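Below is one structure, written out as C-alpha cells, with a few remarks after it.
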Amino acid sequence: MDTTRKPRHAARLTVTAAVALALLAGCDENGQFALPMPNGKSVATTAGSTKSTKLVERDVEAPEVFSATDQGLWDGRPSLGGVWVAHPDVTEPERVIIRNEANGKFVIGALFRKERDLPGPKLQISSDAAAALSILAGAPAPLNVTALRREETEEAAPIDESATSPVDAPAQVSETALDPIAAAGAAIDAAAATPVAPPAPKPETPRQTSSLAKPFVQLGIFSIEGNANRVAKQMRGAGMVPVIKQSEINGKPFWRVLVGPAGSKSELNNLIKAIKAEGFSDAYAVTN
C-alpha cells in the first residue's frame with residue numbers, strides 16, 4: 001500500500017475546500033462575484049466597467065507659429081524634396097498644411113524661406129505640391145499655409161467585447177462546472193499536469209544613440225508613398241540609412257523621408273552635406 005496517498009489526498013481536499021469557500025464567500029446576495037477592497041468594501045464586477053486610455057500623437061494646426069494666405073505659384077519646373085512651399089517671412093523650416101482655397105484640396109508639406117527678390121506671388125510651391133493641389137504651371141492660386149505642431153492626446157482604447165460582454169449559456173453544462181469543489185480539484189490537476197513555461201526574457205531597452213536635440217535630417221515630405229520609397233532607395237544607394245515615417249491629418253496620409261540619427265554635431269553636418277550633394281538642397285535637421 002502507498003502510504004503517501006492519504007496525506008496527499010487530505011491536502012488536496014483541504015485546498016479544494018478552501019477554494020470553494022473563497023468562491024462562495026465572494027458572492028453577494030444578488031449572486032454577483034465581488035472583489036475585496038482595502039477598506040473592507042467590495043465591488044461587484046460588471047461587463048464594460050474597465051476603461052483604458054492611450055496616448056497618441058497628432059498634428060494640430062498652430063497659426064501662432066506661422067500662417068499666411070496669399071497667391072501661390074508653381075513655375076513649371078520639376079523639383080526635388082517632395083511637397084514644399086516657400087515664403088519670404090519664414091525664419092525656420094516648418095511642417096505645414098497647404099490648402100488650395102479655390103478647390104478645397106490640401107496637402108502636408110515643408111515650409112522654407114523664399115528669397116525676397118524672386119518675382120511673382122509670395123508663395124512658391126514645388127511640383128509635387130502643385131500636383132496634389134491641382135495647380136497648373138504658371139497659374140497662381142489662392143493658398144493658405146498654416147504651421148503644424150505635434151502633440152500628445154488621450155484616446156480611449158478599444159474594449160474587447162468578447163472579454164467583457166456576457167455570452168450565451170452553453171447547451172450542456174458539465175457537473176464539474178456546477179460543483180465548485182470538483183472545479184477546484186480539476187484546476188489543481190491541470191496545473192500539476194501542465195509544465196510551467198520559463199518567463200520570457202525582458203526586451204532590452206534601446207540605447208540612446210544621440211544626444212542631439214535634432215539628430216535626424218529630413219529630405220522631404222511626400223503625398224505619394226512611391227515617391228518617398230524612390231528617395232529612400234536613392235539614399236541607400238549613396239550609403240545612407242533612410243527612414244520612412246507615415247503620418248496622417250484630416251484623413252490624408254503623407255510620408256516623410258529621414259536619415260539618421262547622427263551621434264554628434266559634426267556627424268550631423270557631414271550628413272546634411274552628403275544629402276545636399278544628392279540634390280536635396282532643402283534638407284534640414286529635425287527631432288524625429
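The values are calculated or read from the model by the stated rules, or taken from the named source; none is laboratory data. Worth saying up front: this structure is predicted, and the values here are computed from it rather than measured. As a convention, Cβ positions derive from the backbone with ideal geometry for all residues, glycine included, and neighbour counts pool all protein chains shown.
Quick look at the numbers
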read-out: Gly48 modelled with pLDDT under 90, out of contact with any Cys (no Cβ under 6 Å at 6 or more places or on another chain) and surrounded by 11 or more Cβ atoms within 10 Å (Cβ to Cβ); value: no
read-out: Members of the range 245-281 that are out of contact with any strand residue (DSSP E or B) (no Cβ under 8 Å at 6 or more places or on another chain) and within 14 Å of Gly220 (Cα to Cα); value: Lys276, Glu278, Gly279, Ser281
read-out: Flag if Gly109 is outside the structural domain of Ile221 (by TED's automatic domain parsing) and in contact (Cβ under 8 Å) with a residue 40 or more places away in the chain; value: yes
read-out: Within the range 231-286, tally of residues that are basic (Lys, Arg), farther than 23 Å from Ile97 by Cβ and within 28 Å of the chain's Cα centre (by Cα); value: 2
read-out: Only listed residue being touching a residue at least 40 places away in the same chain (Cβ under 8 Å), touching a strand residue (DSSP E or B) at 6+ places or on another chain (Cβ under 6 Å), at positive phi and of a type outside the set (Phe, Trp, Tyr), chosen from Gly76, Gly138, Gly72, Gly81; value: Gly81
